[in-house]
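Q: Below is one structure. I have some questions about it.
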Amino acid sequence: MTESTEGRFPAVFLDRDGVLIEDCGYPHLDEHLVFMPGAAEAVARLNKAGFLAIVVTNQSGVARGLFSEQRMHDFNALMVRTLAARGARIAAVYACPFHDEARDPAWHHPDHPDRKPNPGMILRAAAEHDIALSRSFLIGDRQGDLEAARRAGIPGFLFDGQNLDAFARELLGG
Ligand SMILES: [Mg+2]
């Protein structure tokens, strides 16, 4: 991994399932789109504080044959549109469909650099969106999220699953 150059914009990297939306177990159908309490308000608050909001999500459901890559993209697009309608701007969604137990060989990888706890999605987003990693952080609901943050050299915070806006407000210092 090459040293990434420092970009201009601070970013918050957000896990999807269990942070932005409820984790019902491989959410992918439109009716699975249920936001966590305070999700839209949190993203709007972070935007207002100057952070690009970047979603970084493991989606092994594709590798497991539970849904297609296109369905994954469509579901993510619906989430982004719905948030945007509530004044919450997602700059980009990075999703990793690879898994070491993939049924489809196209999605098989023993340890894909994008799959958290690896930091690939964070580092790629940083390069593609001119992100200042030194002023960025991650919010996740699993240790793997925090480990990905650590490997990318940014702080990671474990969301308690309560209210994301209250959590973000606390992180921003009240
Ligand atoms: Mg999660």
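Q: Restricting attention to segment 45-65, does a residue exist that is over 22 Å from I122 (Cα atoms), open to solvent by 40 Å² or more (accessible area, probe 1.4 Å) and in contact with a Gly (Cβ under 7 Å, 6 or more places away or on another chain)?
A: First, pick out the residues of segment 45-65 that are over 22 Å from I122 (Cα atoms): 64-65.
Filter once more, keeping what is open to solvent by 40 Å² or more (accessible area, probe 1.4 Å): 64-65.
So of that shortlist, the ones also in contact with a Gly (Cβ under 7 Å, 6 or more places away or on another chain) come out as none.
Scanning segment 45-65 turns up no residue that is over 22 Å from I122 (Cα atoms), open to solvent by 40 Å² or more (accessible area, probe 1.4 Å) and in contact with a Gly (Cβ under 7 Å, 6 or more places away or on another chain).
Q: In this structure, does R86 turn out to be open to solvent by 50 Å² or more (accessible area, probe 1.4 Å) and under 13 Å from the mean Cα position of the chain (by Cα)? Before the answer, list the steps.
A: Numbers: open to solvent by 50 Å² or more (accessible area, probe 1.4 Å): yes; under 13 Å from the mean Cα position of the chain (by Cα): no.
No, not satisfied.
Q: In addition: Among the residues of segment 142-155, are any open to solvent by less than 20 Å² (accessible area, probe 1.4 Å) and more than 16 Å from the ligand (Cβ to nearest atom)?
A: Restricting attention to segment 142-155, the residues satisfying the condition of being open to solvent by less than 20 Å² (accessible area, probe 1.4 Å) are 145, 148-149, 152, 154.
Narrowing the set further to residues that are more than 16 Å from the ligand (Cβ to nearest atom) leaves 152, 154.
Yes, segment 142-155 contains at least one residue that is open to solvent by less than 20 Å² (accessible area, probe 1.4 Å) and more than 16 Å from the ligand (Cβ to nearest atom).
Q: If you don't mind, another one. Based on what the data block shows, is D165 crowded, with 17+ Cβ neighbours inside 10 Å, within 21 Å of V34 (Cα to Cα) and modelled with pLDDT of 95 or more?
A: Values: crowded, with 17+ Cβ neighbours inside 10 Å: yes; within 21 Å of V34 (Cα to Cα): yes; modelled with pLDDT of 95 or more: yes.
Yes.
Q: Among what's in segment 17-44 and is among the aliphatic types (A, V, I, L, M) and open to solvent by 40 Å² or more (accessible area, probe 1.4 Å), pick the residue that is nearest to the chain's Cα centre (by Cα).
A: First pass over segment 17-44, keeping only residues among the aliphatic types (A, V, I, L, M): 19-21, 29, 33-34, 36, 39-40, 42-44.
Among the residues that remain, those that are also open to solvent by 40 Å² or more (accessible area, probe 1.4 Å) are: 29, 34.
Numbers: L29: 18, V34: 16 Å.
Across segment 17-44, the extreme among qualifying residues is V34.
Q: When both residues are 6+ apart or on different chains and their Cβ atoms are under 7 Å apart, which pairs have a first residue that lies in segment 78-102 and is among the aromatic types (F, W, Y), and a second that is part of a helix (DSSP H, G or I) and surrounded by fewer than 18 Cβ atoms within 10 Å (Cβ to Cβ)?
A: Sorted first by the residue in segment 78-102, then by its partner, the pairs are Y94/R124.
Q: So which residues in segment 96-121 are out of contact with any Phe, Trp or Tyr (no Cβ under 8 Å at 6 or more places or on another chain), open to solvent by less than 60 Å² (accessible area, probe 1.4 Å) and farther than 17 Å from R151 by Cβ, if there are any at all? Don't jump to the end; show me each part of the working.
A: Filtering segment 96-121 for residues out of contact with any Phe, Trp or Tyr (no Cβ under 8 Å at 6 or more places or on another chain) gives 96, 100-106, 110-111, 113, 116-120.
In the following step, the residues that additionally are open to solvent by less than 60 Å² (accessible area, probe 1.4 Å) were identified as 96, 102, 116-120.
Result: A102, single match.
Q: Here is a further query. What number of residues in segment 104-121 are away from the ligand (no atom under 16 Å from the Cβ) and outside any loop (DSSP other than H, G, I, E, B)?
A: 5
Q: Would you confirm, using the coordinates I've provided, whether R124 is surrounded by fewer than 19 Cβ atoms within 10 Å (Cβ to Cβ) and in a loop (DSSP other than H, G, I, E, B)?
A: Working: surrounded by fewer than 19 Cβ atoms within 10 Å (Cβ to Cβ): yes; in a loop (DSSP other than H, G, I, E, B): no.
Criteria not met by R124.
The values are calculated or read from the model by the stated rules, or taken from the named source; none is laboratory data. Here the structure is a predicted model, which means the values were calculated and not measured. In this analysis, Cβ positions are derived from the backbone assuming ideal geometry, glycine residues included, and neighbour counts consider all displayed protein chains. When the accessible area is computed, the model is the full protein with side chains, heavy atoms only, and any ligands, DNA or RNA have been set aside. Shrake-Rupley method; radii C 1.70, N 1.55, O 1.52, S 1.80 Å.
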